[in-house]
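The values are calculated or read from the model by the stated rules, or taken from the named source; none is laboratory data. Since the structure is predicted, the reported quantities are computational estimates derived from the model, not experimental observations. Note: ideal-geometry Cβ built from the backbone for every residue, glycine included; neighbour counts use all protein chains shown.
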C-alpha cells in the first residue's frame with residue numbers, strides 16, 4: 001500500500017507512531033466494514049449477543065459475511081507453524097473462529113501449512129512438520145467441537161484436494177501472482193505454487209464430507225486477504241461459490257502499535273507458554289505506555305489509550321465492556337496511572353494464559369488423531 005502501511009501475508013508494518021489505519025485498509029483492499037447492520041444480523045440468526053470482538057471493532061472488515069450466514073456454511077481457517085508456541089496474537093483469529101462455530105453450529109476445517117513455513121522460513125522440513133503437530137495441540141486447546149472440526153496438515157492431506165489445487169493453479173497466471181503476492185525472480189517455484197494450496201480449501205468440493213456447494217466463511221487476520229480475494233476472483237471460472245471472509249485487526253507488539261506481535265521476537269510477544277512472572281515482567285518492562293513522564297503530569301494531562309499497549313491488550317482480552325469503558329475514561333483523564341493500568345492488564349493476561357495452559361496440558365496425541373480423522377468428521381457433519 002502507498003500510505004506507509006505494509007500488509008501482506010509475509011510482512012506487516014503500520015505507522016510507528018499511530019499504528020494501522022484500518023479504514024484505509026478497508027478502502028485499499030476493497031472490503032466491507034463491519035457495521036451495526038451486520039452485528040444485528042449475527043445476533044438475530046444466532047439469537048444471542050455477538051462476541052465483544054464485533055462490538056469493539058476488533059473484527060472490522062468482511063467480504064459477504066452477511067450473505068454467507070443466511071444459509072448453511074462451513075468455516076475455514078489455518079495456522080502456519082513457524083515456532084513451537086503460539087502467542088497472544090495468534091489467539092485472536094482462533095477465539096473468533098471458536099465463537100463462530102459455537103454460535104452458528106458450523107463445521108470447521110483448519111489447515112496447517114507446514115509446507116508453507118518450510119518454503120519461506122529457515123526451517124528443515126521435519127522441523128516444520130513437528131511444529132505443526134504441536135500447534136495442532138495448541139489449537140485443540142481453544143475448545144473447538146471435536147464432532148465438527150477437521151484439522152489437517154498439508155504435508156499429510158493436501159493431495160486429497162489436488163484436483164482443486166491444480167485447477168486453481170491453472171487459473172492464475174504468473175503476472176497475476178507476482179502482482180497479488182509480490183513474487184519476483186528470487187521467489188522459489190514452491191513459493192509461487194503455494195497460494196493455490198491455500199485457496200483450494202475455500203471451496204467445499206475440496207472436502208467430500210461437506211455438503212456440495214456449501215458456502216465458506218473464513219475468519220482470519222486481514223493480512224491473509226490476498227489469498228481469499230483471489231479465491232473470490234476465480235470462483236466463477238472454477239464453477240465454485242465465492243468464499244466469504246471476516247477479518248480481525250492485529251494485536252500489537254509489546255514495543256508499540258506500529259507492528260503486530262511476532263513469534264520471532266521474544267521481547268515483542270507474550271507466548272501462551274509464558275509463566276505468570278514472565279507476563280508480569282514483559283508488561284512492566286516492555287509494554288509501550290501512553291502515559292506521561294511523571295505522575296503529576298499524567299494526572300494533569302491524562303494518558304493516550306490509542307498508543308498504550310496495556311490498554312490495547314485489555315481491549316482484546318477483558319470481557320467486561322463496562323470495566324473497559326471505565327478504565328479508558330479514568331486513564332485518559334489522568335485518574336488512573338500507568339502502573340495501575342499495567343497491573344490490571346497483567347492480571348487479565350495471566351488469567352487467560354493460565355486457563356489456556358490448563359486446557360493445553362490435557363491435550364494428547366490421541367486427541368490430535370481424533371481431530372485429524374476426516375472419516376470420523378464426515379460421519380458427524
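Quick look at the numbers
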{"item": "2 or more residues closer than 30 Å to residue 187 by Cα: qualifying helices (runs of 4 or more DSSP H) within the range 1-74", "result": "22-29"}
{"item": "Spans of strands (runs of 3 or more DSSP E) in the range 209-283 with at least 1 residues within 24 Å of residue 97 (Cβ to Cβ) and modelled with pLDDT of 95 or more", "result": "215-221, 244-248"}
{"item": "Which listed residue, of 2, 66, is surrounded by fewer than 17 Cβ atoms within 10 Å (Cβ to Cβ) and at pLDDT below 95", "result": "2"}
{"item": "Residue match in the range 111-130 (condition: outside the structural domain of residue 356 (by TED's automatic domain parsing), surrounded by fewer than 17 Cβ atoms within 10 Å (Cβ to Cβ) and in contact with a strand residue (DSSP E or B) (Cβ under 8 Å, 6 or more places away or on another chain))", "result": "no"}
{"item": "Residue within the range 139-162 that is farther than 22 Å from residue 369 by Cα and assigned to a loop (DSSP other than H, G, I, E, B) present", "result": "no"}
{"item": "Unique residue being in contact (Cβ under 8 Å) with a residue 12 or more places away in the chain and over 19 Å from the mean Cα position of the chain (by Cα) when the list is 282, 260", "result": "282"}
{"item": "Residues satisfying the stated conditions in the range 92-115, i.e. out of contact with any helix residue (DSSP H, G or I) (no Cβ under 8 Å at 6 or more places or on another chain), part of a helix (DSSP H, G or I) and free of Cβ contacts under 8 Å to residues at least 60 places away in the same chain", "result": "98, 101, 102"}
{"item": "Matching option when the condition is surrounded by 13 or more Cβ atoms within 10 Å (Cβ to Cβ) and at pLDDT below 95, among 43, 33, 27", "result": "27"}
{"item": "Listing of helices (runs of 4 or more DSSP H) fully contained in the range 291-344 that carry 2 or more residues being touching a helix residue (DSSP H, G or I) at 6+ places or on another chain (Cβ under 7 Å) and surrounded by 15 or more Cβ atoms within 10 Å (Cβ to Cβ)", "result": "309-317, 321-333"}
{"item": "Single unsatisfied condition, residue 139 versus (1) surrounded by fewer than 23 Cβ atoms within 10 Å (Cβ to Cβ); (2) touching a residue at least 60 places away in the same chain (Cβ under 8 Å); (3) on the phi < 0 side of the Ramachandran plot", "result": "(1)"}
{"item": "Residue among 215, 268 that alone is over 19 Å from residue 120 (Cβ atoms), assigned by TED's automatic domain parsing to the domain that holds residue 93, surrounded by fewer than 22 Cβ atoms within 10 Å (Cβ to Cβ) and touching a strand residue (DSSP E or B) at 6+ places or on another chain (Cβ under 8 Å)", "result": "215"}
